[in-house]
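None of the figures in this text is laboratory data; all of them are computed from the coordinates on show. Please read all numbers here as calculations on a predicted model, not as lab measurements. No Cβ is skipped: glycine too gets one built from the backbone with ideal geometry, and neighbour counts run over all protein chains shown.
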Amino acid sequence: MTVYLDYSATTPVLPEVADLVHNVMLEEYGNAGSRTHEYGLNAKRMVEFARTQVATVVNADKTEVIFTSGATESNNIVILGLREFAEKTNKKHIITSKIEHKAILEPVNYLEQQGFDVTYLDVTPDGQINIEQLKASLRDDTVLVSIMHINNETGVIQPINEICHILSVHNAYFHVDAAQSFGKYPFDLENKRIDFISISGHKIYAPKGVGALIMRRRGYTKSPLVPIYYGGGQEKGLRPGTLATPLVAGLGLACEIATKNSSEWIKEVAVLKYEFTAMITELGAVINGTNTSPYVLNFSIPGINSEAAIVQLKGIIAVSNGSACTSNSYTPSHVLVAMGIDEERINGAIRVSFGACTKKIPYRDIQNQLKKLL
């Protein structure tokens, strides 16, 4: 049986989460917006309980959580939802990095086409953003800084607390795409200087199609976001449409489970990553990125093309050679390009990502198959 090692793309749904989703779909099928009968009221209670479960992960208030379809939608709500405020206040400068997910880069690029000024921070060969460049790039008209927590391709952890410190004397809104860290790597996201946090359920053992946006208040001041589409006014008017109560409940339970188990998960995947690194090091592998998440390992083996390796390993392990959102484009990874990695090494880059359900990896079989390509 193939061992799944592509948790950065998506995670399996935990059995208890799947059971809850199934039960809600069949037994508690009310609309949370229908408050004239018990079915709707029960659905509303489940949604509000899930809101608390999500908020608890980063010590936020439940009123600061809105549910979305995932991090991509959350990212768009933040970036495009700030446009009206930015134009009214004449603050049309955005800072992001060259290694962000396309769910950040594409809406930012859209605003750039609409007259916004965007600074794309460089990264070091290790995959870290250039902090000094961030400091130098801040302007009076900077409205938003958007930096991901953990990179989805390399697993490089960005210095979120350091960024928060830099922004402590600036009014720019700070947004963190935490799709790869929320609930699994419980560090830094509790920092109150982070205004917006985007998350996806399917990265944290919940179903696909559900996520959340955490919008922290500044004192008693709410964020100036406006909706990017209309029709119903649900979720504080920012995300209209009937909530998928079963998925929301599943996300809430997944967050509660993660809160209880993240420390143990980190220990377990760290061992797997260490063992996997030792195995590929014997083959001359080069690791792409430093200060990385224990869940992610990106490497290149000189002389081995990633496509050939993935085919060779078919039936043994399931891995990838880049972001699941762009893997069909057959273009070089913009993340690795930004890191200044040469073309041959990029073409050989393989991403292995571990998770709470990973138990046993066939290291010897993997090594033997890769040796055939050398």
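Relative protection proxy for 205-213, 130-138, from highest mean packing down: 205-213, 130-138 (other beta-carbon atoms within 10 angstrom).
Give me the distance in nm between label points sitting 7 Å out from Cα along the Cα-to-Cβ direction at residue 342 and residue 29, one decimal. With each label point 7 Å from Cα toward Cβ, the separation is 6.1 nm. Rounded to the nearest Å, what's the spacing between the alpha carbon centres of the stretch 140-188 and the stretch 342-369? Just the number, please. Rounded to whole Å, the Cα centres lie 27 Å apart.
Couplings 3J(HN,Hα) of the stretch 31-39, computed from phi: 8, 4, x, 9, 10, 9, 8, 5, 5 Hz, in residue order, whole Hz [Karplus 6.51 cos²θ - 1.76 cosθ + 1.60, θ = phi - 60°; x for Gly and Pro]. Applying 1/(1 + (r/R0)^6) with R0 = 41 Å to the Cβ-Cβ distance of residue 307 and residue 36 gives a FRET efficiency near 0.10. With the charge dipole of the chain set up from +1 on Lys and Arg Cβ and -1 on Asp and Glu Cβ about the Cα centre, the Cα lying farthest toward the positive end among the listed residues 293, 82, 221 is that of 221.
Mean residue ellipticity, 222 nm, helices only, the chain: the sum of -39500 (n - 2.57) across DSSP H runs of n ≥ 4, divided by residue count and rounded to 500, is -11500 deg cm²/dmol. The loop-placed trypsin sites (Lys or Arg not before Pro) in the stretch 16-69, going by DSSP, that have at most 13 neighbouring Cβ atoms within 10 Å of their Cβ come out as 35. This model, with +1 at the C-beta of Lys and Arg and -1 at the C-beta of Asp and Glu, gives the chain a dipole about its Cα centre of some 480 debye. Dipole of the chain computed with +1 at Lys/Arg Cβ and -1 at Asp/Glu Cβ about the Cα centre; of 145, 67, 114, farthest Cα towards the positive end is 67. Distance between the 7 Å Cα→Cβ label points at residue 374 and residue 270: 2.9 nm. Per-residue Karplus couplings for the stretch 139-152, computed as 6.51 cos²θ - 1.76 cosθ + 1.60 with θ equal to phi - 60°, are listed in order as 10, 4, 9, 6, 9, 8, 10, 10, 10, 6, 7, 10, 5, 6 Hz, Gly and Pro entered as x. Each Lys and Arg Cβ is given +1 and each Asp and Glu Cβ -1; about its Cα centre, the stretch 131-239 then shows a dipole of about 440 debye. Rounded to the nearest 20 debye, the dipole size of the stretch 190-346 about its Cα centre is 960 debye, using +1 on the Cβ of Lys and Arg and -1 on the Cβ of Asp and Glu.
Suppose R0 equals 41 Å. What FRET efficiency, 1/(1 + (r/R0)^6) with r the Cβ-Cβ distance, do residue 124 and residue 208 give to the nearest 0.05? With a Förster radius of 41 Å, E is 0.75.
Between residue 170 and residue 59, the modelled labels are 2.5 nm apart [label points 7 Å from Cα along Cα→Cβ].
Which values of log₁₀ I(q)/I(0), to two decimal places, follow from the Debye formula for the chain at q = 0.07, 0.09, 0.11, 0.12 Å⁻¹ with a uniform point scatterer at every Cα? Debye intensities relative to I(0), on a log10 scale: -0.32, -0.52, -0.78, -0.91.
Mean separation of Cα pairs under 8 Å and 6 or more residues apart, divided by the residue count, gives the stretch 15-256 a relative contact order of 28 percent.
Maximal additional length on extending the residue 131-residue 286 stretch stands at 53.3 nm, based on 0.36 nm per residue less the C-alpha distance.
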